[in-house]
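Computed from the coordinates by the stated procedures, all read-outs in this text should not be read as laboratory data. Quick caveat, the model's predicted, so the values are computed rather than measured. Methodologically, a virtual Cβ is constructed for each residue, glycine included, from the backbone with ideal geometry; neighbour enumeration extends over all protein chains shown.
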Amino acid sequence: MLLLVGAGLLIQTFLNLRGQYGALRAENVLTLRTQLPETKYNELPRRVEFYDQVLAHVKALPGVVSAGYTTSVPLVWKGGTSGFTPEGRQPEPGLLYDANFRQISEDYFETIGIELLKGRPFVETDDVRSIRVAIVNETMAEQYWPGTDALGKRFKAGALNSPLPWTTIVGIVADVRQMATDAPVRAEMYFPYRQIPGFAAYRPRDLVIRTSVEPTSLAAAVRRQIHAVDPDQPISDVRTMDNILSEETAPRQLAMMLVAAFAGLALLLSMLGLYGVLSYDVAQHTQEIGLQVALGAQPRNILGLGESDRAGHDPN
């Protein structure tokens, strides 16, 4: 029974870990990596042109619902944080002003399945000619602007004296566990890739594609479209979001299966033991049962024979 209870708890834990990513509908998402060479794509206009062309080509493929770029899909990169300074607020002792830093395209949230809770998504006009904008997750909004609406608030990447411009929050999205399935949700800030000339480590590299067909069936077609834009562009890590979740939860799944197997074996042994005891008990009372039947005992009397004997009286 203890093994069965333990197996049940592990199964429930595993389902909860997977279930928290249910909104992503991971079984219909294909991901792949296009790490742009620094020597070839050092300038922002060239990178923007590459991303725009790839997204346009991929979205035109039959079976593609939407596509977007991001620095890293959830659970793939365990780092990628950057310090920041909120405008008009004194630093609170013990509060670390640090958040995940991601650059994304306009359709990334829709493609990956992250819900926009407040404000607006990024648009194509969010470029170097417009004010710098960002979208933050719920945790960042509540942690650094508690009791107020974070929309319209400004912060600066880096220290207060950083030469970088102030960034205005234009949207708030739902939390997603980026670092691990069982790790606490971190503060996260997202930026449009059209606005960020520097921060080489955070440049978009993962292409995310939501499909209406089996995702891997489009892998070859997507490769061709990327190479139509740049024949020399390396492509790696082609897999579905469902595969990423499976790899992340594999250790827990193995533990769950082992405990479930031992629990099933223990249940089988218990059933065999009970059957053996009952069979032996019936064999010991065969003559007595026959006599009771001959005297007209009813089936319920026969079934209660053992208990009646222990009570010390005749079941008739």
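Charges on Cβ only, +1 for Lys and Arg, -1 for Asp and Glu, centred on the Cα centroid of the chain; of 22, 152, 141, which one is farthest towards the dipole's positive end?
Checking the options against the dipole of the chain, the answer is 152.
Quick one: order 123, 229 by neighbouring beta-carbon count within 10 Å, fewest to most. Don't jump to the answer; show the numbers that get you there.
Working: 123 13, 229 18.
The fewest-first ordering by Cβ neighbours comes to 123, 229.
Give me log10 I(q)/I(0) at q = 0.18, 0.19, 0.22, 0.24 Å⁻¹ for region 153-262, Debye formula, one equal scatterer per alpha-carbon, no solvent.
Result of the Debye calculation: -1.18, -1.22, -1.31, -1.37.
Mind jotting down the distance between the C-alpha centroids of region 84-133 and region 31-59, whole Å?
21
State to the nearest 20 debye the size of the charge dipole of region 159-220 about its Cα centre, where the only charges are +1 on K and R beta carbons and -1 on D and E beta carbons.
On the way: 6 positive and 5 negative charges, 45 e Å.
Once rounded to the nearest 20, the dipole reads 220 debye.
[x] 28.3; [y] 26.7; [z] 24.2: which one is mean projected area of the Cα convex hull in nm² as calculated from this entry?
So the calculated entry is the one marked [y].
Neighbour counts of other C-beta atoms within 10 Å: give me 227, 285 arranged from fewest to most. Could the numbers behind the result be given before it?
Values: 227 13, 285 16.
In increasing order of surrounding Cβ atoms, one gets 227, 285.
Can you give the FRET efficiency to the nearest 0.05 for residue 278 and residue 1, using r as the Cβ-Cβ distance and R₀ = 22 Å?
Efficiency at R0 = 22 Å is approximately 0.70.
Classify region 184-244: rounded, prolate or oblate, from the alpha-carbon gyration tensor (a ≥ b ≥ c, eigenvalue square roots; a/c under 1.5 rounded; otherwise prolate if a/b is larger than b/c)?
oblate
Which order results if 78, 118 are arranged by neighbouring Cβ count within 10 Å, fewest first?
78, 118
Could you name the lysines whose alpha carbon sits less than 21 Å from that of residue 153, not counting residues in the same chain fewer than 8 places away?
In chain and number order, the partners are 118.
Pulled fully out, how much extra length does the chain show between residue 287 and residue 212, if you take 0.36 nm times their separation in residues and subtract their Cα-Cα distance?
Taking residue 287 through residue 212 to full extension adds about 20.0 nm, to one decimal.
What dipole magnitude, in Debye to the nearest 20, does region 23-243 give about its Cα centre under +1 on Lys/Arg Cβ and -1 on Asp/Glu Cβ?
So the magnitude is around 340 debye.
Using amide H atoms built in the peptide plane, which far-off residues or other-chain residues are under 5 Å from residue 176 H to H?
Placed amide hydrogens put nothing under 5 Å from residue 176.
For labels at residue 227 and residue 247 in the simple 7 Å Cα→Cβ model, what's the distance in nm?
Here the modelled spin labels are 2.3 nm apart.
Report, in deg cm²/dmol and to the nearest 500, the calculated mean residue ellipticity at 222 nm for the chain, where each DSSP H run with n ≥ 4 adds -39500 (n - 2.57) and the sum is divided by the residue count.
When only DSSP H runs of four or more count, the value is -12500 deg cm²/dmol.
Describe numerically, in nm with one decimal, the distance between label points set 7 Å from Cα along Cα→Cβ at residue 235 and at residue 254.
Using points 7 Å along Cα→Cβ, the separation is 3.2 nm.
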